[in-house]
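Trainee: Okay, handing you the structure first.
Read the figures in this text as sums done on the coordinates, not as results from a lab. Owing to the predicted nature of the structure, the values given are computational and were not obtained by experimental measurement. Cβ placement follows ideal geometry from the backbone for every residue including glycine, while neighbour counts extend to all protein chains displayed.
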Amino acid sequence: MLNHLASQPGASALVGDDDATPELLKAKLFDARLEAKTLRGRVAALENRLSASTVALTEEEHAVSSGGASLHVDFSNTVMALKLILERINAEFEVIQVDFEKEEIRDLAAPVGRQVIVSGQRARAFLQAYRTLLEQEGKLGRKA
């Protein structure tokens, strides 16, 4: 039976080292070396991908510092400015309501049916950035 297993691909793993013939032990050694070589190749590929990602992130950070991403900085500043405006307007009582679930910003002082100021796609980018800002400041629970 051991000779039969020795001749089957992958079957060498089913036989314990103490019960294996020298031929089967050689097959197990060959399998182990082959697996190690495959794993080294995968590790090298992952290291290359990680290295490429790190280079891409470094280049992205350089672009931000060199002004290449000024639109991102401008957007962040706009979100911060609008956040401060909302806080000032809502200082006494809530006049402008931000609903992250419905993706709406509403004017609670307006007549019912005309309260939505902005919603959907037009509001989405601001609401995502505003939510992140509030989460970072600890003023809103983190999303799951």
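Trainee: Could you check the simple spin-label distance between residue 96 and residue 128, using points 7 Å along Cα→Cβ, in nm with one decimal?
Mentor: With each label placed 7 Å out from Cα toward Cβ, I get 2.1 nm.
Trainee: Determine the gain in length on full extension of the stretch residue 115-residue 33; use 0.36 nm per residue of separation and subtract their C-alpha separation, reporting nm with one decimal. Please list the in-between numbers first.
Mentor: Numbers: separation 82, 0.36 × 82 = 29.52 nm, distance 6.96 nm.
Using 0.36 nm per residue and subtracting the Cα-Cα distance, I get 22.6 nm.
Trainee: Cross-link partners among lysines for residue 83, C-alpha distance below 18 Å, same-chain residues fewer than 8 apart left out?
Mentor: Those lysines meeting the cut-off are 139.
Trainee: Starting from 0.36 nm per residue, how many nanometres of slack lie between residue 136 and residue 54 once their C-alpha separation is accounted for? Mind dumping the intermediate values first?
Mentor: Values: separation 82, 0.36 × 82 = 29.52 nm, distance 2.45 nm.
My answer for the length gained is 27.1 nm.
Trainee: Sort the following peptides by mean Cβ neighbour count (other Cβ atoms within 10 Å, averaged over residues), highest first: 108-118, 20-30.
Mentor: Working: 108-118: 11.1, 20-30: 14.3.
For the peptides 108-118, 20-30, the packing ranking is 20-30, 108-118.
Trainee: Now for a different question. Hey, which lysines would be in cross-link range of residue 37, C-alpha to C-alpha under 23 Å, not counting anything within fewer than 8 residues on its own chain?
Mentor: Partners found: 26, 28.
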